[in-house]
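Presented below is the structure to which this report refers.
The values are calculated or read from the model by the stated rules, or taken from the named source; none is laboratory data. Quantities reported herein were computed from a predicted structural model and do not represent experimental measurements. Cβ atoms come from the backbone with ideal geometry, glycine included; neighbour counts cover every protein chain shown. Side chains are part of the model used for accessible areas, which takes the heavy atoms of the whole protein and leaves out ligands, DNA and RNA. Shrake-Rupley method; radii C 1.70, N 1.55, O 1.52, S 1.80 Å.
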Amino acid sequence: MIALKDSLPLLRAGDQLFSIRDNWLQKCLERAAILAGYNRWWLSVHVTTAILCYLSSEYEGTVVTLKQIEEIIRSVLLAIGYSEIASRFEMFNPPFELSLPKLAEEAGPGYELAFFSLLKQRMEPALSKRASSLEISGLRPCVRSLQSVKTWSTNCTTLCTEIVQFV
């Protein structure tokens, strides 16, 4: 049995699958609202919640495309009387997420060169497809894993700086 996170379908953007994030949907709605002249549209939170509720309880598929979710959101906006926002609504690419500890584990302890190669390889698609944001997590655990240490040292600080500069 496969259980989807939060009972939400995965989002297909091109050839990649992403988790649907509420803050990303809300930012897409807020941008359209601003373009329509609503600088602080208080309904963006409620519309986002309604869309996520629909996707988790009513949507029958396990994957939804950017185009499908855009159509769902436009139909909700039209149904509640915000056609001016619906006409300006456009999805932007989902945020790109990368776990540095997972990359370090994949590279292996002590294999910093392999880690940097993997990091470059994993970030290139996000940069070339213009992700809306990059969310890179786990810097300290990654460094400790690559250094094969439990306590932080000056070598860890040096490697940490190198990773940040590389990114």
Residue-level accessible surface for Lys102, protein heavy atoms, 1.4 Å, Å²: 140
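Placing +1 at every Lys and Arg Cβ and -1 at every Asp and Glu Cβ, with all other atoms neutral, what dipole size does region 8-89 have around its Cα centre, in debye to the nearest 20?
Working: 8 positive and 8 negative charges, 56 e Å.
Roughly 260 debye for region 8-89.
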MRE, 222 nm, helices only [DSSP H, n ≥ 4, -39500 (n - 2.57), over the chain, to nearest 500]: -17500 deg cm²/dmol
P(r) histogram, all alpha-carbon pairs of region 62-136 included - 5 Å bins from 0, percent: 3, 14, 16, 14, 13, 11, 9, 7, 6, 4, 2, 0
Cα long-axis angle, helix 44-57 against the chain (0 to 90 degrees, to the nearest 10): 80
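Please report, in debye to the nearest 20, how large the charge dipole of region 1-155 is about its Cα centre when each Lys and Arg carries +1 at its beta carbon and each Asp and Glu carries -1 there. Intermediate results must be reported in sequence, preceding the final value.
On the way: 17 positive and 16 negative charges, 89 e Å.
Approximately 420 debye in magnitude.
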Descending principal axes extents, the chain, alpha-carbon based, whole Å: 59, 41, 28
Heavy atoms of Ile163: accessible area, 1.4 Å probe, square angstrom to 10: 0
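Which longest run of the chain has no exposed loop site in it, a site being chymotrypsin sites (Phe, Trp or Tyr not before Pro) in a DSSP loop with at most 15 other beta carbons within 10 Å, and the site itself not part of the run? Provide the component values of the computation, followed by the final result.
Details: sites that count: Trp42, Phe92, Tyr111, Trp152.
Longest gap between qualifying sites, sites excluded: 43-91.
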Per residue, in Å², the accessible surface of region 1-136 once ligands and nucleic acids are set aside, probe 1.4 Å: 61
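In region 126-167, what is the volume of the convex hull around the alpha carbon atoms, normalised per residue and reported in Å³?
Details: hull volume 2.8 nm³, N = 42.
Dividing the Cα hull volume of region 126-167 by its residue count gives 67 Å³.
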Solvent-accessible area, 1.4 Å probe, carbon plus sulfur percent, for the chain: 53
Phi to ³J(HN,Hα) by Karplus 6.51 cos²θ - 1.76 cosθ + 1.60 over region 141-147, Hz, x for Gly, Pro: x, 4, 4, 4, 5, 5, 7
